[in-house]
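Values quoted throughout were computed directly from the atomic coordinates according to the rules given, and no laboratory measurement underlies them. No experiment lies behind these values; they were computed from the predicted model shown. Neighbour counts run over all protein chains shown; Cβ positions are idealised from the backbone, glycine included.
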Amino acid sequence: MILNSEVKKILQNEEGIEITYASTKNGKEKTITGDYCISTIPLPILSKTENNIES
């Protein structure tokens, strides 16, 4: 589980999903990958986050 972080970008590709996030404590960015993502980010916030998710 990743806490105290801000999602910077969500990118979907043929291999799965790539999420870049930054720590709210030190600003350091990291990227994680996975087969899929279950997101509960509210749509108004998600629309302001860099992404390539089709609606």
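Summary of computed values
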quantity	calculated
Cross-link reach list, aspartates and glutamates versus Lys28, counting only Cα pairs under 18 Å and skipping chain neighbours closer than eight places	Glu6, Glu18, Glu50
Length-normalised contact order of the stretch 5-50 in % [C-alpha pairs under 8 Å, at least 6 apart]	35 percent
Label-point separation in nm, Asn26 to Ser39, each point 7 Å along Cα→Cβ	2.7 nm
With 10 Å bins from 0: P(r) over the chain, alpha-carbon pairs, percent	22, 57, 21, 1
